[in-house]
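Below: one structure, written as structure tokens.
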Amino acid sequence: MISFSDLPIRDDLRGKSPYGAPVAAVPVALNVNENTHPIPDEVVADILESVGEALKGANRYPDREFGELRASLAGYLGHGLDASNIWAANGSNEVLQQILQAFGGPGRSALGFAPTYSMYPLLASGTGTSWIAADREADYAISPDHAAKWVREARPDVVIICAPNNPTGTPLGLDVVEAVYEASDGIVVVDEAYQEFMPEDSSSALTLLPGRERLIVSRTMSKAFAFAGVRVGYLAADPAVTDALRLVRLPYHLSVLTQAAAIAALRHSDEMLATVHDIVRQRDRIADGLRGLGYLVHDSGSNFVLFGGVSDPHAMFLALRDRGILVRDVGITNHLRVSAGTEAETTAFLEAMIDLGPASTAASMSGLRPSSTQSARSA
Ligand SMILES: *Cc1c(COP(=O)(O)O)cnc(C)c1O
């Protein structure tokens, strides 16, 4: 058997690994930051009706400019945005890919602050964009000066700032975005995939859009909105940006079914987002519970918690999996990441952690090997 590296594949892809969050059929999957609360039945029924209507016209190509969906997303975001400010694709991963296709590419570079979302370097690699991993400061925070210095020195064509950051959960002040924008003459993307989990009084980078035509705010329906399976991500930016993305998107990239389902779901945004408060409560329970067990819990503005003090992350990952619970080994030494689930799922996780013992002794408990030759993979 041959491997893809034996094929006449692009040199820069030879030997690379695809995105690979481990999947397993377990009762409690808290590994990819989904909203694990189900969509209410009445909302499902209304979405189904819209999808059924759309199917009747599925002999025709969908609306290539997805005008109604863009208007719905603009209405959801508010901030004086209209359809011309909005772009969408099959998940924000595709949105980010299109941004790199248009503004990155061969001979160009993109910069992010590691550890950050593991898809950024992969999207850079797929689009031939070179990836610059800047670092973070204490407890994964970034200050305006630190960020601006990196950007002034590396002069990237695209900066991607994840706020709150995955996999660390770290919230970000808008002063960092302002400083990066000032320091850069390229595109600045703020990935707000988890913004809905931030305290209600915290400002989004959407407030910075007026007068900043190189700024892009990326959002997704995959996390708070409980719509990961439908694949809808979107952005808000100057209309010139959304116009540019029309050069690189595939024609008709959003199917009639996707458009209909998303428009219908957005009609019910209050119900779709009704679980956010509970998820935040469960996240705080996880943080408190893990702190009580002696783990190092990082501040989170998202729906997940990164915790350290794990002497052997892979062994603990396996011990939890044996108990029917899936968490994520994000490749940060002595750390694991867990998503906040429903109350019952969160309780199951916390009980399993109690069962495994406090941080200092967890390594010697059942199913855990004390070795720790953990290689630092990107998160
Ligand atoms: C989950 C996530 C996304 C969303 O990806 P989709 O393609 O919209 O499902 C984007 N950015 C970050 C940082 C994420 O964690």
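The values are calculated or read from the model by the stated rules, or taken from the named source; none is laboratory data. No experiment lies behind these values; they were computed from the predicted model shown. Counting neighbours? That spans all protein chains shown, and the Cβs are built from the backbone with ideal geometry, glycine included. Quick note on the areas: whole protein, heavy atoms, side chains included, nothing else; ligands and nucleic acids left out. Shrake-Rupley method; radii C 1.70, N 1.55, O 1.52, S 1.80 Å.
Using only Cα atoms, find the angle between the long axis of helix 67-77 and the longest principal axis of the chain, and express it within 0 to 90 degrees, rounded to the nearest 10. Roughly 50 degrees between the two axes.
Cβ under 11 Å from R70's Cβ, R70 left aside: what net charge do those residues give with Lys, Arg +1 and Asp, Glu -1?
Details: positive: none; negative: D63, E65, E68, D82.
The answer is -4.
Within the straight-line cut-off of under 18 Å between alpha carbons, the aspartates and glutamates reachable from K56 are D46, E68, sequence neighbours fewer than 8 places apart in one chain being disregarded. Contact order, relative form, for the chain: 21 percent (alpha carbon pairs under 8 Å, 6 or more residues apart, mean separation divided by residue count). Residues in the chain average 43 Å² of solvent-accessible surface per residue, probe 1.4 Å, ligands and nucleic acids excluded. Here the translational diffusion coefficient of the chain follows from Stokes-Einstein with Rh set to the Kirkwood radius across Cα pairs; for 4 °C and 1.567 mPa s it amounts to 60 µm²/s.
Think of each Lys and Arg Cβ as +1 and each Asp and Glu Cβ as -1; about the Cα centre, that makes the dipole of segment 41-268 roughly 800 debye.
For the chain, the longest principal axis of the alpha carbon atoms and the long axis of helix 41-56 meet at an angle near 40°. Reducing segment 256-270 and segment 122-141 to their Cα centroids gives an inter-centroid distance of 33 Å. Dipole check for segment 145-250: with +1 at the C-beta of Lys and Arg, -1 at the C-beta of Asp and Glu, and the Cα centre as origin, the magnitude is about 480 Debye.
Where the accessible area of segment 83-186 is counted over protein heavy atoms with a 1.4 Å probe, how much of it, in %, is carbon and sulfur?
Working: 1740 of 3560 Å².
Whole-percent figure for carbon plus sulfur exposure: 49.
Taking every DSSP beta bridge that has both ends in the chain, the antiparallel portion is near 45%.
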